[in-house]
Every structure is written in structure tokens, then in C-alpha cells.
């Protein structure tokens, strides 16, 4: 992975020196294991800050919304799909961007690692498809494939869909994965069980809105949960209000979500709210053959009408 | 332990439409429990939370004056959820008032001084309270010259018109009423924004003079250099700030500007104090 | 939206969509009767209903 | 008050005895995400945790809490009159919270218990609770309590300090309330353990290696820090979620909301966050802290400067490390404080060198 870092620095330095961009948005080394911090680099001599490894799960498209500058942005597959969505939704212009594409092999799920070791994690290193975790008790090694974020493990768009630069040759896309097995399992439950399932899933929610704010799709100037005229949803911890927030937020992402996993990754209490957005992704694919953010010249499924759109939900 | 979040129940006793656009109404409240009036002892410059069950609360400056007994008055601009609801309420309806809250204009410090009042728009409410207080026969001799510059967009937007006319007639207060513009040929007062009228009409500042300024941010911004030019020191310029508030008692945290809380340490600050504080209002 | 509500545990027979022209009075009566029968069979809805905030 | 020794075999028996006088709360191990919850009869607190994922501030400051209630029934003569909601302030005891979280409550108390106003909801719950702390012998690498005016054996805000031993606990009563709790549990075996505790404390403090640098902040110029050039760099990654503020034991901001349900209604308060844009927005739409930079700056300036100046009790942080561990984008208060502090100390050196 360190070759990725070198290449990102090299490209960024060139872009900044040649004044092709005013800034590069990428990641810098975090202060904790498995955490990198999105950052901005404005000067060629500052590119040494930039890093790349399997802890860059935050979606950088989120940091492009409504910016006016010329920007170089580091983008893995899902980031690039959200950049496409941003362009389609007029949140950024294509000509403002120099997209530094990163073929991605998946991001590490820090919760999986934490669950797999005893005690506090002191450091994490990765090499050759293996992740070595150091704790007070000693070192423990995992196969990277086994500790990927769930969305990465079923991802079929690892390579950037648009890019101006590439830091490496494209990687092989995964085949034969079933991205929607988890959703199908819930669909197979009874209504009663499903209600209960989500009740338990959402019970730890503290309404910090990290999921919403980590999501590149959630850029409304005033989110519906924050509206007071009218007030759509109660602001307290009542379980119905919490559920209403998650349900409507997911719905607002219908046909737009790339399952980048930023929401789940950002959640401080480990809620897999992706089960809601993924249901919509699954339906979009099944009903309209649509996956978000794959092409700049295609309008989103929920943005277009076709005579053959499925209408069997109409009584 | 007293519960500072529990409002006193009040009945709406009178509603007066103040402005031609009908967006400003003055509500007169009477306490349901007469003993609550004693507990609500206030000074000119303070505010209170108007509290409507099922809707919410809104901090509003007290427009009545401590020397007026038996009721309290608030002039409310229709803007958000609570104020819009309040504008639809009727005489006789019951709601709550919580307060008095915040500090007041520094009346002890102002004794024996000249007082210049500069007000704009519907921020004139606590200034009305102040003028009534100073003009009270028991208080008037405590202050030297009183000058008032008060402006609104049009004559129809001026608050408390009957009282303005009465004050105009008096010789112990100098009124300088102005409007941004008017088509009324009979308008006999000033025309122009508050800052230039202040520059023309207000007396010079000195060690014995204080200016109290209350109005929209843009008015405050342009009045400040005028007052400096007239010779008012920054610690002789007294401002009343507004910020979004909820608790009104310095606990919920949102109205903070630096270490000061507008609701509890303010809303009244001197310009000298504000200069040392981030301008987050 | 219907699909997502169903996923969250709202019974399928509670949510119905229809397309009825103002001229189709017979269809309107038929659809309304069918829907009310289905919803009545499910009984009063207890989900996504907030009687009072469940908080401290 | 003498240190009491609690043998292992007296532990659960004493806890059950406490239930006659107290509702018991304690850490409940839920994998690694332990939280402080009410303990069911027979359930013992899980005292093997590092620290709970969320701070126990919700014990005295629930995230959502009914303050007032009222009738909206047109036929009710008392309609529209707001009344105090009934509350249960029966004695409660928390068994095994960390000293940092107790110190945090004593900092927060300065906000809710003032000369002019007392917040009855916070104070009634606080006063109804006996706080039994568990000294911290295995701190996390993100713990920096010792430089945040706190420590693994810090006693401030606690009624009893428990020190874990091989064969049970040493319990150091710190207040009358704590003394009474130990008596109520039937724990009375006095022990001469001052040196044992002092040694354990020194060893635990030595294990805290992480630091927050804040020594120059008290004397620093507020407006210079406010106008510092580093805020864009610090705030860039911020998502403006409320994770840091909601997980922080010393954050207390709240919102007040009315909820009406047909013929009745409640006024409730909910935790709020200075990270949220609507926290400060005026009805006119004007927002004094409209940008992410302003909001992030507010959070750190409040914790590390405004609070320091206002109360002269150090920083509004106890070094629990929750915001460091839980921030989704790794904004680290230690790094921010170091930047603010070094700017402040450089400014002081420049003045001193003249």
C-alpha cells in the first residue's frame, strides 16, 4: 500500500506545482490505530502529509459539496461514484476536479478487529494481505479479507469509475459475491420479527447524526430532522422518533447510495444502518437495473420516468 | 428548590396591533396568581421567556416598565413558530411567562448622567421600558439630559405612537424621531437612517454621558462609529444583544459569546466588553 | 417507500397505492372497500405510532 | 473515615443488601461497549471494563427528559398551565464509575448549580445518587487524565473510591453519603490500607502516558487564540456530528422542546451540541456560527479557554479520551490543545523576551 502513498504524493505535488489545482483533499496519518483523518493540502511541500492505507474509509466526496476551488481529490471506487452523483446533482462541477483514482482493495473494519482481540489495540500494520494487530497481550494476525468492512467485502466497484490520474493499475473486481444476502435475510422474517429486529438495531442510537453527516448524499442546508416549520419528527430519544429519522434518512438516499459504508463506519455506537439503504439499493437494482454513480451521462432511476417502469405496487 | 423552568401562568389581558404591517403586536399579561407579580420584580432592560404549552418558548424584552403595576407588556414580532402562534391567540387565553431574565441597563451607574437612547425598529421595547422608568416623577431627577433617537422604516412601523407624541410635547426629554422614508406630506419629524440622525441631533459624549443602543445589527454597526465621533467612550456605549436562547438562565449553553452568556451575563453589555469577546451574535 | 416500510415491520396490507380517475367511481368504491377490509383484518396499527414520548 | 476491606464473598451479598435502600446502577458488560445501566436484582456490576463507551452523565442528565407537563384539553380548567412533571428521586447508587467521570460531574455541577439559579432536574438526580468509583488500574492509551486535572484514583465527585484487590476491594469512604452506603451494605471490616492505596495510585498514575498540554492557556489572549490560523486545518475533517459532545462527560448543552399529544403535552429537554448548525441559528436565519470552522473552534475554545477563564478550575476536560476514540474522523483534542497551547506559550515568550 505504501506505493499508493508515494504515488498520491507525487501526483499531488505535481498538480499543486503546476497550479492545476488549488488544493488536494486526501488523508493524513491519524493519531489512533486504524484511523486516518481527511485533510487538505495547499502547498507542494505539504504533500508529505498524505497517506493511503486500508483505514481511509471516510468518503471524501463529502468534502467537495459546494466548494468553489479547483480541487485534486483522492478517490477510491465508492468515492468516485459519489463524485459522479455530486456532479449529477450539481454539487460540484467536473471541471473543478482532478480525480486521483485509487484502485481499492477494501477498508479494514476496526470493530471486527477490536472484537477479534483481547484488550486495547496499540497498533495495526498491514502487509501482503495480512493485518497484524499489537495489543498488550502480544501480536495477532488476521487475513485482511476476513476483517474488511462488510460493504467492502461485497463491493463490485473497487476501481474508480471516473478519474484523471490513477495511482496504480486497476484491481480485479470481485465476482460471485451476493451483496444483498443480509437484506434478503430480513425480508424473509415476519413483519413482527422485522419490527423487532430494527427496534433492537436502532436502540443504541444517540442521534448524533454522524451517519447523516458522514454521508456525501446528505447535504441539505436544513435536514428534515432540524426543520421547525413544520416539525416532521420529534427530537428526543423516543424510539419512534429515532426510527423515523433513520427510515426517512435512508429513503432520501434512494437510488443515490453507493454503499460506501461511511455511515456505519462513522457511527459511534456501531449501528448497521446500511441495512436500510441497502434495501433501497437492492430494489433499485431489481426494479430499474440501477446502481448509483456509475456514469456521468445517465440520469438516476428515481429522476426519470420510463413507460416500462414497474407499477405492480399500484392496486 | 425553585424551578427556574416553570413559568408563571398569565392571562392575555389586551392585544394591540402596533404596526401597519400587523406583524408587531403588544401583549398585555395579567398574572393568574397575583402574588406572582411580586416574584416577577424586574428592571428596565431585562427580558422574559413567553411560554406557550404545546408550542414552546421565546425570549422577548420586557416592554412594560417597573413603575407600571398590575400587568406586564411585551411587543412581539411575528417570525417563528412560537411568535406566529402567539399572534393568533386571543384576549383571555392562558399561557406562561418565565423571568425576569438577564441583566438590565446599568441604572445605578447612569444616575446623575446624561442618557442618550438610540433605538431602531421593533428593538425599541426595552427602551420604552427605560424611558417610562426615567420619566417617572420619582426617578426623573436622578438623570440629567435625556435624548432619544428612534427610527423605523415608515411612520406606520413606529411603536407606541401615542406615547411618542406625548414625549415629544415634554421638555424633560428630547425626542428625535425618524423614518427611513415616507410619502406622508404631513410628516413633521426627521427622515433618514438612525446613524446620520444620531450624528446630527445627538449631544456630544463626555465622561458624564452614556449611550444605550438597541436595534438591528446593521443599525448598531453604523451607529458605533457615529457615537465614537461624538465622543462616547466604548465603556459608555451600552448595547443589548440577541442570540438564540432556550433556557434563559445560563445553563443550556447556546447563547455563549466567548465566556459570556448573552442570556445571563447579558443581554446588556458595554461596547468595551464586547470588544474583548468573539462577535458571535 | 412501501418496500422500506415493510422491511421495517409495517404489515404489507397496511399500505396501498392506487390510481383511480375521477370518472372511475366504481373502481374507487371497490378499492376503498378492499383496503378497509384488509386494514380492519390487521387491527389497529401499533407501529410508528407515538402516544407519548418514551423518555426519562 | 477508615478504609473498609470488602472480601470477595461479601461483595454480592452487600450489593443485594444495598437494594433495600438504593436503586443500583453499574457498568454492564456488553462485549466491549459497556454502559452504565440499572442493575436487575441479582445482577452484579461488571467491573472488568476499561471505561464505558458513553459517559455516565445520563444518570443525572438523561439524553431526553420530561421537565414539565400540561393539559391541552379544552374542557380542563387547568389547561395550558405548565406544571412540574412527577419525578422519582429515591436514593440511587452507582457502583463502579470511573474517577474521571465523577470529576466531570463536579465540573458540570458548576454550570447547573449557580448562585442565581439551580437546575432542579440535574441537582435532584445528582443529590439522590451516591457515587461509588472504581479506581483505574489499567488505563487506555488514549487516557490523559493526569494532565487534565484528574487521575486514575481521583476522588473529587465520588462518595466512595473502590480499589480492586486480588481478594476483593478496598473501599475508601470520602463523604458521609459514602460512609452510609458502606454501612447499608454491611461492609465494616476496617483495614489499615492507606499505603496500599497510595502505592497503587502511584503505579496507576505512572501508567498514564498520554498528555494534554494546556498550561499556557489560562494566561493566553482569547482573541489571539480565536483568530489563530490553525482552525481551518483542525476543522477540515469535522463532519459536524455530535459524537464528541454526546460522548463527553463534561458537555452539558441542551435543547428544550414541546411535544403535544392531543389533549396533553410535555416540555422535554434533549442533549444538544455546539457542532450542530441549528444550535445557534436565529429566527431570521442569521447564524452567528454558520461555518464548520466556527463551530469546531467554539467547542475547543469553550473547553480549553472560555471555561478556564470563567471558573479558574482548569480545562473542561477530564482526559477520558472518549472523543478521541469515537470521533469518526480522528479529530484529537490532545493535538488541538497542543496547538493552542504552543501558540499561547510562544506569545508569552515573545512578551517575556522583550
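The values are calculated or read from the model by the stated rules, or taken from the named source; none is laboratory data. Only a predicted model underlies this, so the values are computations on that prediction, with no experimental measurement involved. All Cβ positions, glycine included, derive from the backbone under ideal geometry; neighbour counts span all protein chains shown.
Things to note:
- Matching residues, segment A:208-266, being crowded, with 18+ Cβ neighbours inside 10 Å, within 13 Å of chain D (Cβ to nearest Cβ), without any contact (Cβ under 8 Å) to a residue 60 or more places away in the chain and part of a loop (DSSP other than H, G, I, E, B): A:209, A:218, A:223, A:233, A:234, A:235, A:236, A:237, A:238
- Residues that are part of a helix (DSSP H, G or I) and away from chain B (no Cβ under 12 Å) within segment D:232-267 comprise D:232, D:233, D:234, D:235, D:243, D:244, D:246, D:247, listed in sequence order.
- Enumeration of residues in segment A:182-207 that are under 20 Å from residue C:2 (Cα atoms) and surrounded by fewer than 13 Cβ atoms within 10 Å (Cβ to Cβ): A:184, A:185, A:188, A:190, A:192, A:193
- Restricting attention to segment D:289-304 and to residues that are surrounded by fewer than 20 Cβ atoms within 10 Å (Cβ to Cβ) and either more than 25 Å from residue B:80 (Cβ to Cβ) or touching a helix residue (DSSP H, G or I) at 6+ places or on another chain (Cβ under 8 Å) (or both), the residue that is farthest from the other protein chains (Cβ to nearest Cβ) turns out to be D:293.
- Qualifying positions in segment D:1-31 - in contact (Cβ under 8 Å) with a residue 12 or more places away in the chain and within 14 Å of chain A (Cβ to nearest Cβ): D:28, D:29
- Some residue of segment B:206-217 being surrounded by fewer than 23 Cβ atoms within 10 Å (Cβ to Cβ), closer than 28 Å to residue D:224 by Cβ and either modelled with pLDDT under 90 or within 14 Å of chain D (Cβ to nearest Cβ) (or both): yes
- Residue D:331 meets all of the listed conditions (1) within 12 Å of chain A (Cβ to nearest Cβ); (2) touching a residue at least 60 places away in the same chain (Cβ under 8 Å); (3) in a helix (DSSP H, G or I) but one, namely (3).
- For segment A:279-314, the set of residues classified as assigned to a loop (DSSP other than H, G, I, E, B), within 10 Å of chain C (Cβ to nearest Cβ) and within 18 Å of the chain's Cα centre (by Cα) is empty.
- Flag if residue D:121 is farther than 17 Å from residue D:268 by Cβ and in the same structural domain as residue D:25 (by TED's automatic domain parsing): no
- When A:106, A:129, A:101 are screened for being surrounded by fewer than 17 Cβ atoms within 10 Å (Cβ to Cβ) and in contact with a strand residue (DSSP E or B) (Cβ under 9 Å, 6 or more places away or on another chain), only A:129 passes.
- Scanning segment B:251-274 for residues that are over 19 Å from residue D:295 (Cα atoms) and facing chain D (nearest Cβ under 9 Å) returns a single hit, B:264.
- Residue check, residue A:177 outside any loop (DSSP other than H, G, I, E, B) and touching a helix residue (DSSP H, G or I) at 6+ places or on another chain (Cβ under 9 Å): no
- Hits in segment C:15-36 (condition: surrounded by 14 or more Cβ atoms within 10 Å (Cβ to Cβ), more than 8 Å from chain A (Cβ to nearest Cβ) and either in a strand (DSSP E or B) or within 11 Å of the chain's Cα centre (by Cα) (or both)): C:15
- Of all residues in segment B:237-248, one or more are surrounded by fewer than 23 Cβ atoms within 10 Å (Cβ to Cβ), away from chain D (no Cβ under 14 Å) and within 17 Å of residue B:124 (Cβ to Cβ).
- Residue D:176 being surrounded by fewer than 17 Cβ atoms within 10 Å (Cβ to Cβ), without any contact (Cβ under 8 Å) to a residue 60 or more places away in the chain and more than 14 Å from every other protein chain (Cβ to nearest Cβ): yes
So that you can scan it fast, the table gives a plain yes or no per residue for (1) over 15 Å from the mean Cα position of the chain (by Cα); (2) closer than 25 Å to residue D:69 by Cα; (3) assigned by TED's automatic domain parsing to the domain that holds residue B:213; (4) touching a residue at least 24 places away in the same chain (Cβ under 8 Å):
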{"residue": "B:54", "(1), (2), (3), (4)": "yes, yes, no, no"}
{"residue": "B:57", "(1), (2), (3), (4)": "yes, yes, no, yes"}
{"residue": "B:63", "(1), (2), (3), (4)": "no, no, no, yes"}
{"residue": "B:91", "(1), (2), (3), (4)": "yes, yes, no, yes"}
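- Residue count for segment D:155-184 under the criterion of being part of a strand (DSSP E or B), in contact with a helix residue (DSSP H, G or I) (Cβ under 9 Å, 6 or more places away or on another chain) and under 22 Å from residue D:127 (Cα atoms): the result is 5.
- Checking the stated criteria, residue D:105 turns out to be more than 14 Å from every other protein chain (Cβ to nearest Cβ), closer than 23 Å to residue D:256 by Cβ and touching a residue at least 60 places away in the same chain (Cβ under 8 Å).
- Strands (runs of 3 or more DSSP E) completely within segment B:181-281 that count 3 or more residues being within 18 Å of the chain's Cα centre (by Cα) and over 30 Å from residue D:109 (Cα atoms): B:209-214, B:237-240
- Inside segment D:45-96, residues that are within 14 Å of chain C (Cβ to nearest Cβ) and part of a strand (DSSP E or B) make up a count of 9.
- Residue D:160 vs. criteria buried (at least 24 other Cβ atoms within 10 Å of the Cβ), closer than 24 Å to residue D:38 by Cβ, without any contact (Cβ under 8 Å) to a residue 40 or more places away in the chain and in the same structural domain as residue D:94 (by TED's automatic domain parsing): yes
- Residue in segment B:228-247 that is without any contact (Cβ under 8 Å) to a residue 24 or more places away in the chain and in contact with a strand residue (DSSP E or B) (Cβ under 6 Å, 6 or more places away or on another chain) present: no
- Matching residues in segment A:110-132 - criterion: being within 14 Å of another protein chain (Cβ to nearest Cβ) and in contact (Cβ under 8 Å) with a residue 60 or more places away in the chain: A:110, A:111, A:113, A:121, A:122, A:123, A:124
- Which listed residue, of A:107, A:1, is within 30 Å of residue D:323 (Cβ to Cβ) and modelled with pLDDT under 95: A:1
- Residue pairs whose Cβ atoms lie under 8 Å apart, separated by 6 or more positions or on different chains, with the first residue in segment D:115-132 and at pLDDT below 95 and the second part of a loop (DSSP other than H, G, I, E, B), are D:116/B:249; D:116/B:250; D:116/B:264.
- Restricting attention to segment D:185-212 and to residues that are assigned to a loop (DSSP other than H, G, I, E, B) and more than 14 Å from every other protein chain (Cβ to nearest Cβ), the residue that is surrounded by the most Cβ atoms within 10 Å (Cβ to Cβ) turns out to be D:187.
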